[in-house]
Amino acid sequence: MQKDCLDIYPQILAGELAFRPALFLDFDDNYEEELVAFRVSAHDFQTYKDLYKDISEVMSRQLVLVAGLNNLIHRGDFNKFKDIGKTTPKTLHAYADLPYGFKVSHLDDCWYSIADGSVNNQLRNSIAHVKVEYNEIIQLITYFPKKEGIKQEKAEEIYFLDFMRNILISYREMHRMHQLIKCLFNYYYLIHQKAA
């Protein structure tokens with residue numbers, strides 16, 4: 001997981017110019033009240049869609065570590081999830097196989113708080129399954145998150161600027177979990193191994 005995280009950092013740095021307008025939105029409290037199309041980059045959605053998918057995939061694997069620790073804290077066994085019926089994973093291995101969007105729902109009373117907006121499974125799935133249209137002129141991304149067969153009638157829309165902001169929010173969460181991975185890595189090799 002650590003190598004997967006390290007592979008993301010150069011891609012984020014390479015897109016620094018395109019991410020700049022999205023970074024400034026952190027300081028605009030009224031931004032989400034009225035979304036407006038802004039042409040923010042000469043690059044477009046096609047340039048960054050794979051980065052969003054990659055970050056989501058890394059986060060999906062990182063959540064397995066968070067879930068295992070959460071299970072240890074609450075039930076003393078990394079494989080034991082809170083029983084919520086038929087959908088309860090039987091093991092951490094089964095949890096790892098869950099779709100990305102369902103993983104957060106199995107983190108009961110979690111010690112680790114996941115930032116709002118960092119997990120958007122519908123957008124990720126739409127991109128991964130090529131259920132996306134992009135208007136280059138106004139930089140509008142139209143995606144189809146529902147399973148509708150060939151109809152694709154229930155569309156959702158997001159401007160490129162908002163998409164870039166979603167990448168940053170997900171990236172920040174991935175980076176935060178990467179810090180956890182590094183802490184555990186250091187603990188294992190610098191403290192636990194020396195004590196053994």
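The values are calculated or read from the model by the stated rules, or taken from the named source; none is laboratory data. Since we're looking at a predicted model, the values are computed, not measured. Cβ: placed from backbone, ideal geometry, glycine included. Neighbour counts: every protein chain shown. These area figures cover heavy atoms from the full protein model, side chains too; ligands, DNA and RNA do not enter into them. Shrake-Rupley method; radii C 1.70, N 1.55, O 1.52, S 1.80 Å.
Descriptive notes on the structure:
- Note on the chain: with neighbouring protein chains present and a 1.4 Å probe, carbon and sulfur make up 55 percent of its accessible heavy-atom surface.
- Look at the dipole of the chain built from charges on Cβ: of Y9, L51, L65, the Cα furthest out on the positive end belongs to L65.
- Dipole axis of the chain (+1 Lys, Arg; -1 Asp, Glu on Cβ), positive-most option in Y95, A18, N125: Y95
- Rounded to whole Hz, the Karplus (6.51, -1.76, 1.60) HN-Hα couplings of region 153-166, x for glycine and proline: 9, 9, 8, 10, 10, 8, 7, 4, 4, 5, 4, 5, 5, 4
- Order by protection proxy (mean Cβ within 10 Å, highest first), peptides 173-186, 115-128, 51-64, 6-19: 51-64, 115-128, 173-186, 6-19
- Out-of-range pairs (alpha-carbon distance over 25 Å; input K82/K147; K3/K86; K53/K103; K3/K49; K103/K146): K82/K147; K3/K86
- Per-residue Karplus couplings for region 181-191, computed as 6.51 cos²θ - 1.76 cosθ + 1.60 with θ equal to phi - 60°, are listed in order as 4, 5, 4, 5, 4, 5, 4, 5, 7, 9, 10 Hz, Gly and Pro entered as x.
- Accessible area (Å², per residue) of region 70-196, counting only protein heavy atoms and a probe of 1.4 Å: 61 Å²
- Cα centre as origin, Lys/Arg/Asp/Glu Cβ charges: region 107-191 dipole, Debye: 260 debye
- Near the amide H of Y159, within less than 5 Å, lie the amide hydrogens of I141, all on another chain or at least 5 residues away, with H placed in the peptide plane.
- Computed extension gain for W111 through L23, at 0.36 nm per residue and net of the alpha carbon distance, reaches 28.9 nm.
- For region 116-132, Karplus couplings with θ = phi - 60° (6.51, -1.76, 1.60), whole Hz, Gly/Pro x: 4, x, 7, 10, 10, 5, 5, 5, 4, 5, 4, 5, 5, 9, 6, 10, 9
- Theoretical gain in end-to-end length, D54 to K182 [0.36 nm per residue, Cα-Cα removed]: 44.1 nm
- Within region 103-120: backbone nitrogen closer than 18 Å to the R75 label point (7 Å, Cα to C-beta): 103-112
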